[in-house]
Amino acid sequence: MRVADFSFDLPESLIAHYPVPERSSCRLLSLDGPTGALTHGTFTDLLDKLNPGDLLVFNNTRVIPARLFGRKASGGKIEVLVERMLDDKRILAHIRASKAPKPGTELLLGDDESINATMVARHDALFEVQFNDERPVLDILNSIGHMPLPPYIERPDEEADRELYQTVYSQKPGAVAAPTAGLHFDEPLLEKLRAKGIEMAFVTLHVGAGTFQPVRVDSIEDHIMHSEYAEVPQEVVDAVMAAKA
């Protein structure tokens, strides 16, 4: 299957740089499976398309401020994009620099370069970085990190993005990109869905930085997918099987 078969034109003027004021007021395109008919509406129309007993499965991951700026102690500027948190002291990350840092390289991170870290190992395209700080990694990221807005949103991140670029039901920090389909649910719509008898369940999938990487091969079969952390509780498996029965 050729990648080119899925190419299409997307005018830059149609790319939103900020969300609509009310999440559920965005547009919704619906496909009727049996007939192939397409319907244009608003996201709140979802309420009329679901029946009591239907099950919605949500991803409760929470986006972390995964983009860090700084420099190598030797002087060269760097940009760090966290792929995942390994533990309370270490991250696995993409690093953009004029010259890739070698193991042992000291990094000064944050807009004020106040956080000291060390690149300890390289794993193919990813770098293992250890923070030399008493605070846990997540606290450091929340303190100095920038929200990793997608590359097609061509503006600097803002403080408001720390909540706007989250689903309203996000709980578990770890993603470096939002599960975007869920951004359009708001509390009023969720309440109406519950009142109608729509069942809800939650899984966790921490979207990784690989989601920003383009497909560089001609054939889809040759594309190597990146891995991501996923967690599916047994009760969710049971709920899905019950809904399908």
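Every number in this text was worked out from the coordinates using simple rules, so none of it is lab data. All values derive from a computational prediction rather than experimental measurement. Using ideal geometry, Cβ is built from the backbone for each residue, glycine included, and neighbour counts are taken over all protein chains shown.
Subtracting the Cα-Cα distance of residue 39 and residue 102 from their residue separation scaled by 0.36 nm leaves 17.3 nm.
With a cut-off of 13 Å on the backbone N, the residues of the range 35-73 near the modelled label site 7 Å out from residue 27 along Cα-Cβ are 39-43. Rg and Dmax of the chain, both derived from C-alpha coordinates alone, stand at 20.7, 63 Å. Sorted ascending by nearby beta carbons within 10 Å, beginning with the fewest, 192, 89, 244, 77 become 244, 77, 192, 89.
Kirkwood radius and radius of gyration were both taken over the C-alpha atoms of the range 40-165, and their ratio Rg/Rh is 1.13. Taking other C-beta atoms within 10 angstrom as a stand-in for reagent exposure, 113, 163, 83, 134 fall in the order 134, 163, 113, 83, fewest first.
Fewest to most neighbouring Cβ within 10 Å: what's the order for 131, 6? List each step's numbers first, then the result.
Working: 131 21, 6 9.
By the 10 Å Cβ count, ascending, the order reads 6, 131.
Computing FRET efficiency as 1/(1 + (r/R0)^6) for residue 125 and residue 56, where r is the C-beta to C-beta distance and R0 is 41 Å, gives about 0.70.
For the pair residue 17 and residue 213, a Förster radius of 35 Å applied to the C-beta separation gives a FRET efficiency near 0.95, rounded to the nearest 0.05. Between residue 134 and residue 4, the modelled labels are 6.1 nm apart [label points 7 Å from Cα along Cα→Cβ].
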